[in-house]
Amino acid sequence: MYKVTLVFYILHGQFFVQLINFMANQPITTPTRWTRDYLFDALKELGIHHIFGVPGTNEIPIIDGTSYPENGVRYIECLHENIAMGAAMGAARMTGLPGIVVVHVTPGIAHGIGNLFNASRSQVPMIIICAQQQNELVTQEPLLSSNLVDLAKQYTKWAHEVRTPSEIKMVLQRAFKEAMAPPNGPVFISIPWEYTMVAIPEDDHLKGVTRISPRFTGDEASIKQAAELLSAAKNPIIVAGDAVGYADAWAELQELAERIGAPVLLQTFSSLSNFPNNDYHWQGELPGSQAGMQGVFANHDVAFMVGFSTQAQLAVFKYSDGPLIPDSVKQVYLTNNTWDIGKNYYGECAIFGDVKTNLPILCGHIGDASTAAKARNKVLQGLDAERAASWKTYLDGAKNEKEIWAVVIAQALRQAIEERGLLDNFVYVHEAISDTAPFQYYLPFGPGGSKPTSYYCVSGGSLGWSMPASLGIKLEEQTVQGIGTKFVVNAVGDGSSLFYPQVWWTAAHEKLPILYIITNNHEYHTLQLGLQQVIGAYGKAPGYGWNPKTTDPEYLKLEKPKLDYVSLAKAFGGEHGEIVKKPGDVAAAIARGMDHVLNKNSSYILDMRMNENTPPTPPNPTPKEAAKSAAANMSAALERYTQQPLIDVFHQKTAKKALKASKGSAGGDLPLNMPSIF
Ligand SMILES: Cc1ncc(C[n+]2csc(CCOP(=O)(O)OP(=O)(O)O)c2C)c(N)n1
Ligand SMILES: [Mg+2]
């Protein structure tokens, strides 16, 4: 018995010795790829070079992938998730590829919701990866953890939490495919963090990302029907939305406008420059009030809604005052997205297809401009010349004002861009929200240099989009529409800039030379206008009769203490900038700032002290005093706009008449060019 056991032990002992010897002679098999590397496979295939985020422990295994030079991806450290989201959106706009964001559990995605919402409204392709807590722990409610998909899903095309590491490959290929399928949009993927570290064989790669061509043709019968309606129109109007800009379809839409002789309005808060501002058909953006919208559409018989996505960009609306677009207007739609076709109103005709592909076919069916269309074009040309003259007068007057008006900044910027030959090498990022018209009128957005993506805004209205976006824009050099990003300039309201001044740290850290222009009026001017509009709509309305205690409230001001944006930027590492106080100093300051960012690798901040003009309400006013003060405030707050020429010269007479008729209704008492309130 002993003998048998002894032999057994010897044999076994020898077996283990041999096994250990065998293993020692084998190369150590440390894994070199993990599930997280499927993400880098996708980025490599698409040519995406940046991931934006705020790190947490859970994300480190993913972020670590950016430490491998062969992956060709840099991690851009942002100091708030909404900055990361906004910066990724900027990069996405430039490349046409998904912006990549990696965020940390519940607060990570929660902090990014404002710009995620903007991305969904502006149809920006995004992949948001959120590292969830460990799968086996989630049900026990560990710190930071909650239902992440529920949080993100309403602002995404698809939101999903990975169920097993084995599906990561499939989920990522679907996520990228979907973000880039027309219409583009954000996709949210939550991954329990230990799933990102599962070793995979060296030769196991994501096979690819399915690309769905966005250039698809619509139904021929619908295109013919649209051509008939547009040809027969006595007074057509074109409304151009973001799908035009994204499709880079300026030339195609200019051709149509010429053939049918129609003014072109842009959707309010256009994300891109959706029609060239040097084409005489261009009339700027639709107004942001109910009466204003009605005034624009009032006399048109046919409206061509092309790529029109955000169709009700206003804050005060009453059904009793009638629809934004009167029923008498026949609506013809063309876009790549069924949701936006006939979303709010009945569409007589609907072409579901790509804007750039279908416009030439439509033009082919319409043929050359009719005599009537030519006559309309002539009128539009004449109005364009009148508009140029009145803006010139306005600009000359502004140069002699005591304070800085936006038109002076906009014109100086244009001049500096032209003088330096940067027409195809600049991106203007817009969040100077109560001063939109001068920038849209003066900056050079037209063929022969710039492209729709030379202008950056978003349609959602959640403030804090522009400074973050400037980072992502400047990080990209190669842009999908062929413009360069040598000169990136961001005009931003003082209030809007204060959402994320820590952008200046990332700009300094990444050595990104960007020109920041703070339109500093020491207040939330847009909200002052909003207050006036609310009083106009509800101050005397039966059942409401609401009037504010004061029309000049402290809570809409940013002046006690006054902020110094140059010092603020300095604290974050943005070393250079200046305060500008007089209109006569604007052009030289812009030239200095511009030459700085073109020649150095750091940003420049121009704190432009603009006018604020809301006279104070007397303390403890009687109702009579309050009413008087409200009226004085109203006219003071609106003065800038009453003096400013309209961009929409085509509708100035008809719309003014319609506005007069609708006095007392929502927006009926306001100048047509008053910016949207939100
Ligand atoms: C995230 C977010 N918070 C609040 C608002 C409401 N809001 C709309 S306009 C505005 C004021 C912006 O002020 P500023 O940037 O100084 O521009 P100004 O109107 O003075 O030109 C605010 C706070 C918003 N749109 N988004
Ligand atoms: Mg302001």
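Readers should treat all values here as calculations from the given coordinates under stated rules, not as data from a laboratory. Owing to the predicted nature of the structure, the values given are computational and were not obtained by experimental measurement. Glycine gets a Cβ as well: all are built from the backbone with ideal geometry, and neighbour counts include every protein chain shown.
Computed values, structure above
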item	result
Mean shadow area of the stretch 366-488, taken as a quarter of the surface of its Cα convex hull (nm²)	10.5
Exposure proxy order (Cβ contacts within 10 Å, fewest to most) of Y442, Y456	Y442, Y456
Over the stretch 387-641, volume per residue of the alpha carbon convex hull, in Å³	142
Cβ-defined net charge surrounding G53, 15 Å radius [Lys, Arg +1; Asp, Glu -1]	-3
Rounded to whole Å, sorted largest first: equivalent-ellipsoid semi-axes of the chain, Cα gyration tensor	51, 30, 25
Taking W250, W339 and counting other C-beta atoms within 10 Å, the order from fewest to most	W339, W250
Kirkwood Rh and Cα Rg combined as Rg/Rh, the stretch 220-377	0.93
Segment M197-K153, extension gain: residue separation times 0.36 nm, minus the distance between their alpha carbons	13.3 nm
Computed E for D424/K234 - FRET, C-beta separation, R0 51 angstrom, nearest 0.05	0.85
Stretch in the chain that is longest and holds no GluC sites (Glu not before Pro) that DSSP places in a loop and that have at most 12 other beta carbons within 10 Å	203-476
Relative contact order of the chain, pairs being alpha-carbon contacts under 8 Å that are 6 or more residues apart, as %	14
Estimated vicinal HN-Hα couplings, Hz - the stretch 157-171 in sequence order (Karplus 6.51, -1.76, 1.60; Gly, Pro = x)	7, 8, 10, 8, 10, 5, 9, 8, x, 5, 9, 4, 4, 5, 5
Built amide H within the under 5 Å cut-off of H50, gap 5+	R74
Alpha-carbon Rg with Dmax, taken over the stretch 431-553, Å	18.3, 58
Cβ-based net charge around L266, under 13 Å, with every Lys or Arg adding one and every Asp or Glu removing one	-4
Estimated FRET transfer efficiency when R0 is 35 angstrom, pair E554-W339 (beta carbons, to 0.05)	0.25
Fewest-first sequence of L362, L443, L422 by Cβ atoms within 10 Å of each Cβ	L422, L443, L362
Semi-axes of the equivalent ellipsoid for the stretch 84-192, Cα gyration tensor, largest first, Å	23, 15, 10
Hz values of 3J(HN,Hα) by residue in the stretch 185-194 - Karplus curve (6.51, -1.76, 1.60), Gly and Pro given as x	x, x, 10, 10, 10, 9, 10, x, 5, 5
Dipole moment magnitude, nearest 20 debye, the chain about Cα centre, only Lys, Arg, Asp, Glu C-beta charged	1100
Long-range HN-HN contacts of M608 with modeled amide H, under 5 Å	I518, N520, V580
Alpha carbon centroid spacing (whole Å) that separates the stretch 194-261 from the stretch 346-418	22
Hz values of 3J(HN,Hα) by residue in the stretch 415-420 - Karplus curve (6.51, -1.76, 1.60), Gly and Pro given as x	4, 5, 5, 5, 4, 9
Other-chain or far-sequence residues with amide H under 5 Å of M305's (modelled H)	V239, V332, Y333, L334
Reach of K549 by Cα under 21 Å, taken over lysines that are not fewer than 8 positions away in the same chain	K540, K557, K560, K624, K628
